[in-house]
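Single-structure report; data block below.
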Amino acid sequence: MIEFRNVSKYYKNNWLALNKVNLFFEKGQFYYLIGKSGAGKSTILKMIYMDIFPSEGEVIVGNYSSKTIKQNEIPLLRRKIGVIFQDFKLLKDRNVYDNVAFALQVTGEKYQNIRKKTLEALSLVKISHKRNSFPYQLSGGEQQKVAIARALVKEPFILIADEPTGNVDPEGTKDIMEILFDINTKGTAILMATHDYSLIKTSIGKVVGLREGKIVKPEDIFKLDLSGGKE
Ligand SMILES: Nc1ncnc2c1ncn2[C@@H]1O[C@H](COP(=O)(O)OP(=O)(O)OP(=O)(O)O)[C@@H](O)[C@H]1O
Ligand SMILES: [Mg+2]
């Protein structure tokens, strides 16, 4: 479904953020991408929705390749990928309902379908009762639920979550993780970057470790952190 073939990434300052990464993400699975700040987690995620491109190597997402995708195909790819961020990125001047509906309006769906799908998505993340509220009236956890609904309403094959609980309190974090597990059970693959290892349930997901731009065994990352190792 998603494949990284020998991917390296140099940023403009010649900083090597990813170093010959090979990865394969299968349909319907739950993946944790773990590693310290600066390890390259967000770089990997951005390559999947083709916000950035490899300096070397190739990223394959479904039928698209980073080597051959055309500029006008990128929006089509992104329709099938849900993305949520640590800082939610909701539209501040729109209420909860409109934040979610907007994701479908831009695809030209019919009004009736937009309404049905939006209400379903809000109900799935248990935020229907706040549909008329504005983002500033919501807690971090509630805002993230709205962001999840907005991602899901496009019926993506994968939901990419970049540190989704970073601005959410412990109670909200529990809710968000339950929602992600629930979405995964219904068939959507999840790829979640986090440096909060306490969120990992190995019974549910596979763990990919990343250190200084290289894939490493998750155990190596745990060991280093537990021993207070420097990076
Ligand atoms: N636009 C950029 N220009 C230059 N360097 C960058 C850029 N984006 C990221 N980097 C560098 O690349 C490395 C990997 O960054 P990345 O954001 O992928 O890390 P991360 O694992 O997501 O970290 P965090 O946990 O802090 O979000 C870091 O050293 C970072 O400083
Ligand atoms: Mg990051």
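Springs join every pair of Cα atoms under 10 Å in this Gaussian network model of the chain, and among PHE157, PHE24, PHE53 the largest mean-square fluctuation is at PHE24.
Placing dummy labels 7 Å off each Cα toward the beta-carbon, the span from ASN14 to LYS201 is 4.7 nm. Stretched out straight at 0.36 nm per residue, the stretch from LYS110 to PHE24 would grow longer than its current Cα-Cα span by 27.4 nm. Radius of gyration over Kirkwood radius for the range 99-163, both on Cα atoms: the Rg/Rh ratio is 0.95. Extension gain, ARG78 to ASP93: 0.36 nm times the residue separation minus the Cα-Cα distance gives 3.1 nm.
Electrostatic bookkeeping for GLY172 treats Lys and Arg as +1 and Asp and Glu as -1; over the other residues with beta carbon under 11 Å from its beta carbon, the sum is -3. SER55 sits among other residues whose Cβ lies under 14 Å from its own Cβ, and their net charge, with Lys and Arg +1 and Asp and Glu -1, is +4.
Given their separation in residues at 0.36 nm each and the Cα-Cα distance between them, GLU155 and ASP169 gain 2.3 nm when the chain is fully extended. If you sort THR165, THR107 by accessible surface, 1.4 Å probe, largest first, the order is THR107, THR165.
The values are calculated or read from the model by the stated rules, or taken from the named source; none is laboratory data. These figures come from a predicted structure and were not determined experimentally. Please note: Cβ atoms are built from the backbone with ideal geometry, for glycine as well, and neighbour counts cover all protein chains shown. In case anyone asks, the SASA skips ligands and DNA or RNA and just uses the protein heavy atoms, side chains included. Shrake-Rupley method; radii C 1.70, N 1.55, O 1.52, S 1.80 Å.
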